[in-house]
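Every number here is computed from the coordinates shown, using simple stated rules; none is lab data. Being a predicted model, the structure only gives us computed values, none of them experimental. Every residue, glycine among them, receives a Cβ derived from its backbone with ideal geometry; neighbour counts consider all protein chains shown.
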Ligand SMILES: [Zn+2]
């Protein structure tokens, strides 16, 4: 079976094609955004390159977020539309789990995160045990300080992975620096193949119900709830 | 073109997720619209981020219904059309990417459509076009007068310099404490009042077909503000009637003048505000004595829908003007 994977959750665009568990094509670019015009050409080019026709696809795996709202919407929309029109299964995988998978070769704790602005991050904590990944703490939107506190309370060596690692290095306390291993820059980019490897153990999602995992309400909704609360206090 | 053809069309430019199948650009096979109005009501207007989230949730559901209710197979679909712009960028992106993915998966040509061209071609689902024709487009985002001398060619002869007519309706409705969306509320209230207040009419320069509604909007706000300061009661119905009369007067006179000057064979009205009964009645009144037929589509074709996109796409389909896979949403797309 042929699997197509799509990850547009950050400014990195990733697409891969696998035959069973074997990689046959892959494309990663990191130019700033505009996934909307670049995702479909990337998929078409890659499929043409390895002579795969759309109707040969057997499964779509997509990074569902968290990440850039627009980015994950583009990936999820394309994935859903492909799966719907080709009538094939779709599986959504956490963008953070896919990034954490970069640390597969070493057992232990991994923390993957994306910049969520104002010193906040979308972060997940995972553990590899004999090459098998499990989630230690569900993906969440929290301050970088709060994330550090959680890692310190676990108090174990941890691999930190983030495409925004440079920005956060300057914010790290000495305590966390003692626990953390920060690999070379290229490791901080999720390989789109990871999505397919993670999806192997998962059953298909309900196509129509599948939505991006934003991990955060829209700002208008937050403000509306606040105003409503204030109103009811009076 | 002798053979029948079917276009699957998608529209997501604002707060409706819509899909439709159109035969030969003239006949609706299916026309599905999922409206988000309920969800935006509490915010008093369309919130772009919320609109985008809804579009992702609805897009395949709406498409699925369009295909299922048509009882058609993919082999029978000849092209995929989608609104390229103008509109909310995050909302447009969903339709554009869905259309590209489906067109690629099913090996169909991809047709990008201008949203306003769609509003004009909503009329082709009811009547044949006769050129030259004049189109008045009035909606929450647009107020435009367009002359067409042939299919697919648009000459904008007038447009709003500030607020769109529908925007003015929504803003005035807000100062009158009417619920969102304000247009239909004002229309309803206007039927109960009398035109007792003299609000300004922006005619602009003598030969101009442009519009301006911000002055009128401010006049209404000032009027209400003054009344409130003097502790005088406000007759909301009279405000609604007077305001609506001011908008309608300008729309109608400019449309009529343009229709005569350009010697058109048809006048088409389209866009959400074309649903306004005050405007419809006054237009019919104004054009009654003229020889120019006036065409206003039924309400469900005035508001945003994908059937109109499929109709407008037929012109591009016949000319084989297709898009590449790098097609992107274009929120500021210009009609040519
Ligand atoms: Zn519209």
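Structure summary
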item	result
Value at 222 nm in deg cm²/dmol, rounded to 500, when DSSP H runs of n ≥ 4 in chain A each add -39,500 (n - 2.57)	-10500 deg cm²/dmol
Average projected area [Cα convex hull, region A:129-173], square nanometres	4.0 nm²
Kirkwood-type radius of chain A, with distances r between different C-alpha atoms, in Å	18.5 Å
All-pairs Cα distance distribution in region A:7-129, expressed in whole percent, bin size 10 Å	13, 41, 35, 11, 1
Region A:115-234 - convex hull of the alpha-carbon atoms, volume per residue in Å³	173 Å³
Overall dimensions of region B:96-210 as given by Cα atoms, namely Rg and Dmax in Å	18.8, 61
FRET efficiency for residue A:227 and residue A:20, using Cβ-Cβ distance with R0 set to 41 Å, rounded to 0.05	0.15
Within 10 Å of each Cβ in A:47-55, the average number of Cβ atoms from other chains	1
Normalised per residue, the volume of the convex hull around the Cα set of region A:172-217 (Å³)	163 Å³
Three principal axis lengths of region B:187-311 [C-alpha, angstrom, descending]	52, 35, 26
Calculated Rg and Dmax of region B:1-116 using C-alpha coordinates, Å	14.1, 50
For region B:103-168, fraction of C-alpha pairs farther apart than 20 Å, in %	39 percent
At 0.890 mPa s and 25 °C, Stokes D of chain B from Kirkwood alpha-carbon radius, µm² per second	120 µm²/s
Rule-of-thumb Rg ratio for region A:7-74 [Cα; 2.2 N^0.38 Å; N residues]	1.11
Cα-based helix-to-principal-axis angle, A:144-154 vs chain A, degrees rounded to 10	90 degrees
Label point distance in nm, residue A:177-residue A:118, each placed 7 Å from Cα along Cα→Cβ	2.8 nm
Cα Rg, Dmax (largest Cα-Cα span) when computed across region B:213-275, Å	16.2, 52
Rounded, prolate or oblate (a/c below 1.5 giving rounded, otherwise prolate when a/b exceeds b/c) for region A:62-167 by Cα gyration tensor	oblate
At 1.306 mPa s and 10 °C, Stokes diffusion of region A:34-106 via Kirkwood alpha-carbon radius, µm² per second	118 µm²/s
Tail fraction, Cα-Cα pairs, the protein assembly as shown, threshold 45 Å, whole percent	27 percent
Average partner coverage of A:23-32, which counts Cβ from other chains inside 10 Å	0
Within a Gaussian network of chain A (alpha carbon springs, distance under 10 Å), most fluctuating of A:155, A:129, A:223	A:223
More than 16 Å apart - percent of Cα-Cα pairs taken over region A:78-134	56 percent
Ellipsoid semi-axes in whole angstrom, largest first, where each is sqrt(5λ) of the Cα gyration tensor of region B:151-233	28, 16, 11
Highest-first arrangement of A:130-139, B:98-107, B:129-138, where packing means the average Cβ count within 10 Å	B:98-107, B:129-138, A:130-139
Scattering curve values for region B:293-336, log₁₀ I(q)/I(0), Debye with Cα scatterers, q = 0.29 Å⁻¹	-1.16
Cα pair distances of region B:252-321 binned at 5 Å [whole percent]	3, 15, 23, 18, 17, 15, 7, 3, 0
DSSP beta bridge pairing in region B:12-155, given as percent antiparallel to the nearest 5	75 percent
In degrees, nearest ten, helix B:48-70 long axis to first principal axis of chain B (Cα)	50 degrees
10 Å Cβ neighbours from other chains, averaged over peptide A:221-232	1
Considering only region A:121-192, percent of DSSP beta bridges that pair antiparallel, nearest 5	80 percent
Tilt relative to chain B, helix B:236-261 - C-alpha long axis, 0 to 90 degrees, to 10	60 degrees
